[in-house]
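These notes concern the structure reproduced below.
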Amino acid sequence: MNPLLKQPVTAVKGIGPEKAETLAEINILTIEELLEYLPYRYEDYRLRDLSEVNHEEKVTVEGKVHGEPSLVYHGRKKSRLTVRLLVDRYLVKVVFFNQPYLKQKMSINEIITVTGKWDQHRQTITANEMTSGPYSKEKEFEPVYAVKGTITVKMIRRLIKLAFSQYGNQVEEILPDELLKQYKLMSRKDALRTMHFPLGAEEAKQARRRFVYEEFLLFQLKMQALRKIEREQTPGKKQNYDLERLKKFIDSLPFPLTHAQKRVVNEILGDMKQPYRMNRLLQGDVGSGKTVVAAISLYAGITAGFQGALMVPTEILAEQHAESLSGLLSPFGINVQLLTSSVKGKRRREILELLKNGDIDVLIGTHALIQDEVYFSNLGLVITDEQHRFGVEQRRILREKGENPDVLFMTATPIPRTLAITAFGEMDVSVIDEMPAGRKAIETYWAKQEMLDRVLGFMDKELSQGRQAYVICPLIEESDKLDVQNAIDVHSTLSMYFHERYKVGLMHGRLSSAEKEEVMKAFSANQVQVLVSTTVVEVGVNVPNATFMLIYDAERFGLSQLHQLRGRVGRGSEQSYCILLADPKSEIGKERMRIMTETNDGFVLSEKDLELRGPGDFFGKKQSGLPEFKVADMVHDYRALETARADAASLVQSSAFWTSEKYLGLRMYLEGTGALAGEKLD
C-alpha cells in the first residue's frame, strides 16, 4: 500500500489538529482511512413525475409558486408554512414545519425546488429542503455517511473532497487485471471516487459492486490462506481404515443410509485418509441421521488403530449418545465409555487410566473431555455436537487433545450456506439435506390466543393416548416491560387444568444443572407427562414419546429457534404436532408464523430467517466470528460471496499467487492481516 496514504489526516491541507481530533472519534486517523470511509446510502434528488411516485415516498420536484404562502405559529418556536405549488399539471400543497424564514424566499410565480415526503391521498409534500430557482443537476445524488458527536455529513463530505483533491491519485489497485476484466469491475481509484462523488445511481451501483467483491475476496483470501497454512504446518493423521470391516459395519445398521448420508460419509472418509488434518462442519436438520454418520466415522478411525471422542454440551445428551453409540458399536467389540462431571472418584480414575492405555476406543462426554487430566493414547478423530455456539478458541483447545486429530463439528442448526462459508470459512462444509424414509413430518399450526381452550383440548387428547407434551414459554418470571406468558404462571395454570390427571414438570434457566438433569430424566422416563420449559430444552434431547408441542408467544422467537424447538417432537413413529400460539402485530411476525406452518425444511427456514433478521442476529451472540463488512451484505450479495470464495480458493492453491508480481497487492494485504504468519485470526 502507498506509504503516502498512511500519513495522519493532518497531512491534508485544510485539516488541522482540531478536525483530526474530531475524525478520530469515528476511527479515522490516516488519509487512507478517510478516503475509504464509504457512504452507507445516497440521497436521491433526481426530479420525479408525481404520477409515478408512491405514497409516502421521498421526492424532489420543481414548481411555480401559486398564491401567497401562509405562515401560522403554534407557541413560541413552532410554525407551519404552507404554499401551493404548480408542478407540471398538478397543483400540490407544500408544508414546511419550523422554517418560518423560508417565507421571505418565495414570491408568486417564482420557480422553486423542494424535497420531502409525498402524501398521495392529500396531494401534499411535507418538505425538509427548499432552494430558490429551477432544479440544479449538480445535486442529483448525494452520499450519506455514518456520523456521531459533533461530526456532520456535510463536514465529512467536505473533508473527503479535500483529501481526494490532494491524494486521490495515490490510490493503488489491489486486484489483479484478470479479475477486473473478468467481472468488468471499475479500478479501485475510480470506484473510490465514484462512491464519494457519483454522477448517478447506475454509477454508484457499479462502484459498490467493485467494493462488495473486493471485501468478500479479501476476507475469503484470509480464511483460505489460514486454512492452507494450518494444513501445511500441522500434519494430520493419515487414517488407513479397513474398508471391508467398515462395509460390514454399515450393512449391520438398522436402516439403509440415505443418499445424503452416503455422500457425507464419503466426504469425511476422504478427509480421514489424507495426511492433513480434517476440519469439517457437518450440518444436518434434526432427525436427519448425523449420529449414524458419527458412528461410521468413529468406527473407521478405530479400524485404523485410533481412538475417537465425541463432545456434547449437556450430560443428558452425552448419556443418550453413549447409549445409542454403544448399541451400534459394542457388537463389534468396541469399548465405548462415558465421561461427565458426574463420573467421580474410583470410576473416574479407572476411565482415565484405561483411556491413557488405549483400552477405551470411544470416549463420549461433556466439557469434561477437555480438562487437563484427560489423556488419550492415540486420538485420531474428535467429533463435537452443537458447537456452533463456540468461537475459534474453544475449537482449538479441543484439537490440541491429541497430536492433531481429525475434527468433525456437527450441528442441527441449519446455518444458511452464506453464513456457513463466512463464519466457518476455515472449514469444509458437509450437508445432510435429506430425511430418512418413513419419518412423518410434524404438523404445525398457528393459533391465536383466544383459541387456547381448543388447543388444550387437543393436547389432552394426545396425553390420553399415553403421549407426552412440551410447553415452551419465552420468560421465567413476570416482567412489567413484557406482557409475556411466563413459565411459572403457565406451569401453575396447566397443573390446575390437568388437575392430577397428568404430572406437569417445570424447567428454566435459573435451575442448577443437577436440577435440570433431574427434570429431564423424569420427563424421559414418562414420570412427567407435560414439561413446561423456557428454551433451555432446545438442544438435542431425545424423548420419542413426546408428540405434542405448544409454544406460547411464538412471535418472540426467530424462525431457526422455532424450528429447533419443534425438532424436540416427531422423534418416534407417531404423528407429532406443533402449535404456535401467537398474536403478532408486525408483518414480519405474521410472515414467520406463515413460513413455520408451510415448511419443515430447516435450510429453507434458515435462509428466510436470515432475510428477515439479518446476519448479526442469526447466531444471537457476538462471538459468532462474523466479520463486519463496510459495503457488502452477506444476505443480499450472497452470489458475490460464493464467487469470491471460489476465486480465493483457487488463488491460494496456485503457485503463481505466492510468487507473481501481479498478486503483490493481495499478498501485501494478507501480510498486513497476519494470516501469512500462521497466526490464528478470530
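A short reminder: the numbers here are calculations on the coordinates, not readings from a lab. Predicted model only: the values in this text are computed from it and were never measured. Every residue, glycine among them, receives a Cβ derived from its backbone with ideal geometry; neighbour counts consider all protein chains shown.
Taking +1 at the Cβ of each Lys and Arg and -1 at the Cβ of each Asp and Glu, which of Pro416, Leu670, Ile31 sits farthest along the dipole of the chain towards its positive end, judged by Cα position relative to the Cα centre?
Most positive-ward Cα: Ile31.
Which three numbers, in whole Å and largest first, are the semi-axes of the equivalent ellipsoid of segment 103-204 derived from its Cα gyration tensor as √(5λ)?
37, 18, 14
Sort largest first and round to whole Å: the equivalent ellipsoid semi-axes of segment 145-299, each the square root of five times a Cα gyration tensor eigenvalue.
Values: eigenvalues 553, 70, 46 Å².
Calculated on Cα positions only, the semi-axes equal 53, 19, 15 Å.
Output the relative contact order of the chain, whole-number percent, from Cα pairs under 8 angstrom with separation of 6+ residues.
Relative CO of the chain lands at 13 percent.
Taking the Cα centre of the chain as origin, sum charge times position over the Cβ atoms of Lys and Arg (+1) and Asp and Glu (-1), and report the length of that vector in debye to the nearest 20.
1200
Compare the Cα positions of Thr194, Ile364, Ser650 along the charge dipole of the chain (+1 at Cβ of Lys, Arg; -1 at Cβ of Asp, Glu; about the Cα centre) and return the one farthest towards the positive end.
Of the options given, the answer is Thr194.
State to the nearest 20 debye the size of the charge dipole of segment 234-376 about its Cα centre, where the only charges are +1 on K and R beta carbons and -1 on D and E beta carbons.
Taking the Cα centre of segment 234-376 as origin, the dipole is about 280 debye.
Based on DSSP H runs of at least 4 residues, each adding -39500 (n - 2.57), what is the mean residue ellipticity at 222 nm of the chain after dividing by all its residues, to the nearest 500 deg cm²/dmol?
For the chain, the value works out to -11500 deg cm²/dmol.
Using packing as a proxy for protection, rank 34-47, 652-665 so that the peptide with the highest average count of other Cβ atoms within 10 Å comes first. Numbers along the way, then the final one.
Details: 34-47: 17.4, 652-665: 13.2.
So the peptides 34-47, 652-665, ranked by packing, come out 34-47, 652-665.
Calculate the spin-label point distance for Ser342 paired with Glu518, positioning each point 7 Å from the Cα along the beta-carbon direction, and give it in nanometres.
Simple spin-label model gives 1.3 nm for this pair.
Can you tally the net charge around Glu350? Count Lys and Arg as +1, Asp and Glu as -1, for every other residue whose Cβ sits under 14 Å from the Cβ of Glu350.
+3
With angles folded into 0 to 90 degrees, how steeply does helix 487-498 sit against the dominant principal axis of the chain? Use alpha carbons for both and round to 10.
That helix lies at roughly 60 degrees to the long axis.
Give me the angle, in degrees from 0 to 90, between the Cα long axis of helix 587-598 and the longest principal axis of the Cα atoms of the chain, rounded to the nearest 10.
30
How far, in nm, would the chain grow between Lys64 and Gln465 when pulled straight, counting 0.36 nm per residue and subtracting the alpha carbon separation?
Extra length available between Lys64 and Gln465 comes to 136.6 nm.
Taking every DSSP beta bridge with both residues inside the chain, roughly what % is antiparallel (nearest 5)?
Around 40 percent of the beta bridges assigned by DSSP in the chain are antiparallel ones.
With +1 on each Lys and Arg Cβ and -1 on each Asp and Glu Cβ, how big is the dipole of segment 54-194 about its Cα centre, in debye rounded to the nearest 20? Walk me through the numbers on the way to the answer.
On the way: 25 positive and 16 negative charges, 151 e Å.
Here the size comes out at about 720 debye.
For segment 53-72, list residues with backbone N below 15 Å from a point placed 7 Å from the Cα of Ile108 toward its Cβ?
64-70
With the crude spin-label approximation of a point 7 Å out along Cα→Cβ, what separation in nm comes out for Gln206 versus Ala437?
5.6
So if each residue of separation counts as 0.36 nm, and I subtract the Cα-Cα distance between Leu91 and Asn378, what length gain in nm does that give?
94.9 nm
Return one number: the angle in degrees, 0 to 90 and rounded to the nearest 10, between the long axis of the Cα atoms of helix 345-357 and the longest principal axis of the Cα atoms of the chain.
80
Choose one of Val490, Asn335, Gly505: the residue whose Cα lies farthest towards the positive end of the charge dipole of the chain (beta-carbon charges +1 Lys, Arg; -1 Asp, Glu; about the Cα centre).
Val490
Counting only Cα, what are the radius of gyration and maximum Cα-Cα distance Dmax of the chain, in Å?
Rg then Dmax for the chain, in Å: 31.3, 98.
Tell me the label-point distance for the pair Arg48, His74, using the 7 Å Cα-to-Cβ offset, in nm and rounded to one decimal.
Between Arg48 and His74, the label points sit 2.6 nm apart.
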